[in-house]
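What follows is a short report on a single structure.
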Amino acid sequence: MQYQLRRLRAAALHEPSGFPSSASSTTHVPDGTIHIWKACLSRYRSCVERFRTTLSAGESARGDRYCSESLRLSYILRRGILRLLLGWYLGLAPGEVRIGTGERGKPVVKGSRGVSFNTSSSGGLALYAIARNCEIGVDVEVVRWESDFGQVVRDFFDRQANEYFWQLPTALRPEAFFRAWTRVEAVGKAYGTGLACLEEGPLSWRFFQSKGNAPHQLAMTSASAHPCLVADLTPQSGYVGAVAFSPLGYPKQDNSIREFELDHAAIWNRHSFSPGETPGDA
């Protein structure tokens, strides 16, 4: 299969007054294409109350359980942006999107017509992966020094991974670790198992292999029967990420991973896109 990575930025659009109650068109994500949306949450603080009105009763209750105001606001923003994006793809108002859980507790959209999604956030940056007829997982992390990541490598990765990690210069270890760990998280989320699959055995050294943006096969352990395809992401300076997806249903066509940055001035204007057009296309 041929793979293509195209970085696109959402065009700035006029923010209308008021919030549209329903969508006039849907945004298309073709089979074989994965859309990655990036959102810097601090840019949307003025939208908190708008987003709050789109949440379900269960989501509102969950947000209220956070112990600090900053965590509550972050949750509302992350969930509100997710609903806004899914509404674009489904032709629904954000509050009309029905988010539930599927097998193994993985979040799904009810009545989604094959649209699947996954989300991750770290350090004020959120990523949203959206695809059709494809199991998908995404993860993002701020690259930072953690006192215990060496112990994580010792405890959960195989011998070859440890040999590779500990021969690296100390200054290179944080990025190497978080590159590997975002791949692990993305694969676990695509499987729908999360990190429960760590019980299967030590993680493969291949998680430390760098293939750049080109998707490559990775399985949780050497015993795993169903590998995922994984591509690295670098959403912005100081962050690393990864997206993992099941190759099932994708054997005869090119896959394209397309990255977008959500424009804070455009988020409420969902009537500006023609059917089949993706926000951000030139």
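None of the figures in this text is laboratory data; all of them are computed from the coordinates on show. Keep in mind the model is a prediction, meaning the values are calculated, not measured. Neighbour counts are summed over all protein chains in view; Cβ atoms, including those assigned to glycine, are modelled from backbone coordinates with ideal geometry.
Close amide H pairs (under 5 Å, H built 1.01 Å from N) link Val143 with Tyr239, Val240, residues at least 5 positions away or on another chain. A full extension of the chain between Tyr164 and Ser42 corresponds to an added length of 40.2 nm, given 0.36 nm per residue minus the alpha carbon distance.
Counting only DSSP beta bridges whose two residues both lie in the range 141-248, roughly 90 percent are antiparallel. Straight-line reach from Lys106: taking Cα to Cα under 12 Å and skipping same-chain neighbours fewer than 8 places apart, the aspartates and glutamates in range are Glu135.
The magnitude of the dipole of the range 141-248, with charges of +1 and -1 set on the Cβ of Lys/Arg and Asp/Glu and taken from the Cα centre, is near 240 debye. Dimensions of the range 141-248 along the principal axes, based on C-alpha atoms and rounded to the nearest Å, stand at 38, 30, 20, largest first.
So, R0 is 35 Å and r is the distance between the beta-carbons of Ala61 and Ala196; what FRET efficiency does that work out to, to 0.05? E between Ala61 and Ala196, to the nearest 0.05, is 0.85. Radius of gyration (Cα atoms) of the range 73-221, expressed as a multiple of 2.2 N^0.38 Å: 1.16. Here the contact order of the range 141-248, divided by its residue count and restricted to Cα pairs under 8 Å and six or more residues apart, works out to 29 percent.
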